[in-house]
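Single-structure report; data block below.
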Amino acid sequence: ECNYYLSEKDVPQDKLSEYDGSYTHPFANFDQALEYINSSEDTTLHVVGNIKIKNGAKAIRSNCRISGMDNIITFEPGASVRIENGAKVSFENMIFENDSSAEEEKDTSLFVVNSAILNLTGCEISAQFAKNGIIFDCEKSGISFSDCGFTVQANSYACAILANRTDINCTACRFMSLASTAVCLSAQSVNCRIEKSSFSTAGDFCRGAE
């Protein structure tokens, strides 16, 4: 297992090689850390301070654990994280939010999980979308959340978890969806176990789970 560190800072492109992910020279941005994650079989990434995920889909294809101390991870407009290729990915003690200030009115998902496993522990996610938005879009995967809070808001359609052929485990989690059509969990052909958790919705057409 490889251990790396990430502490975001502005670094000229020709100086990035000096930031090797060590404790004394942490990676300077998420994209740089992602290259090392995907080139290793199993990685632990320690996040120091707040970071931004730049525009575009960032694919995680190898096993990794990303750990923080209530650090804020901001998705810039158009940014998303894709977990695929059978990867097992966990986030611990992180706060996620998205910057929707320049977002176009298009369907958007923050996390896309396809044939992979995603675990979140002690995390908070607050997502706002211009029109339609989903926090987790899952297909043929496994997701497990513990002691987490999720809030999603959009003008038209908002959904926290959209899942198909996926195993879902939630313990001590809070879900809130606010939109004209507000949904916390939309599931088809899933194995689902939810304990000590709550669903809250506000809008014209509301469904805690469907």
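The values are calculated or read from the model by the stated rules, or taken from the named source; none is laboratory data. Remember, it's a predicted structure, so these values are computed and weren't measured experimentally. Here Cβ is always computed from backbone atoms with ideal geometry, including for glycine, and neighbour counts include all displayed protein chains. We work out accessible area using only protein heavy atoms, side chains counted, and drop any ligands, DNA or RNA first. Shrake-Rupley method; radii C 1.70, N 1.55, O 1.52, S 1.80 Å.
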Within region 152-163, count every residue that is farther than 20 Å from C192 by Cβ and open to solvent by 50 Å² or more (accessible area, probe 1.4 Å).
3
Contact list, first residue from region 42-56 and of a type in the set (D, E), second anywhere and not in a loop (DSSP other than H, G, I, E, B), beta-carbon distance below 8 Å, six or more apart or interchain, is D42/C2; D42/N63; D42/C64
So the check is Cβ under 8 Å with 6+ separation or different chains; which pairs have a first residue in region 102-119 that's modelled with pLDDT under 95 and among the hydroxyl-bearing types (S, T, Y) and a second one that's open to solvent by 50 Å² or more (accessible area, probe 1.4 Å) and part of a loop (DSSP other than H, G, I, E, B)?
none
S177 over 25 Å from A59 (Cα atoms), among the small types (G, A, S), modelled with pLDDT of 95 or more and under 19 Å from the mean Cα position of the chain (by Cα):
yes
Region 39-48 - residue that is within 17 Å of the chain's Cα centre (by Cα) and of a type outside the set (V, I, T) and, of those, most open to solvent (accessible area, probe 1.4 Å)
H46
Flag for I37 being in contact with a helix residue (DSSP H, G or I) (Cβ under 6 Å, 6 or more places away or on another chain), among the aliphatic types (A, V, I, L, M) and either at pLDDT below 95 or on the phi < 0 side of the Ramachandran plot (or both)
no
Check region 66-75 and report whether any residue there is at pLDDT 95 or above and among the charged types (D, E, K, R).
no
Scan region 9-30 and tell me whether some residue there is over 19 Å from S141 (Cα atoms), in contact (Cβ under 8 Å) with a residue 24 or more places away in the chain and surrounded by fewer than 19 Cβ atoms within 10 Å (Cβ to Cβ).
no
Are any residues in region 187-196 over 14 Å from G142 (Cα atoms) and either among the aromatic types (F, W, Y) or in a strand (DSSP E or B) (or both), and if so, which ones?
E195
Evaluate the following for S115: is it on the phi < 0 side of the Ramachandran plot and open to solvent by 10 Å² or more (accessible area, probe 1.4 Å)?
no
Are there any strands (runs of 3 or more DSSP E) wholly within region 1-119 with 1 or more residues that are touching a Pro at 6+ places or on another chain (Cβ under 9 Å) and within 22 Å of S146 (Cα to Cα), and if so which?
42-47, 88-98
Residue within region 48-61 that is modelled with pLDDT of 95 or more and of a type in the set (S, T, N, Q) present
yes
Might you let me know whether region 130-141 holds any residue that is open to solvent by 60 Å² or more (accessible area, probe 1.4 Å) and over 26 Å from V48 (Cα atoms)?
yes
Would you check which residues across region 166-186 are among the hydrophobic types (A, V, I, L, M, F, W, C), part of a strand (DSSP E or B) and surrounded by 18 or more Cβ atoms within 10 Å (Cβ to Cβ) and list them?
I168, C170, F175, M176, A182, V183, C184, L185
Quick one: would you say E84 is buried (at least 16 other Cβ atoms within 10 Å of the Cβ), charged (D, E, K, R) and under 23 Å from D167 (Cβ atoms)?
yes
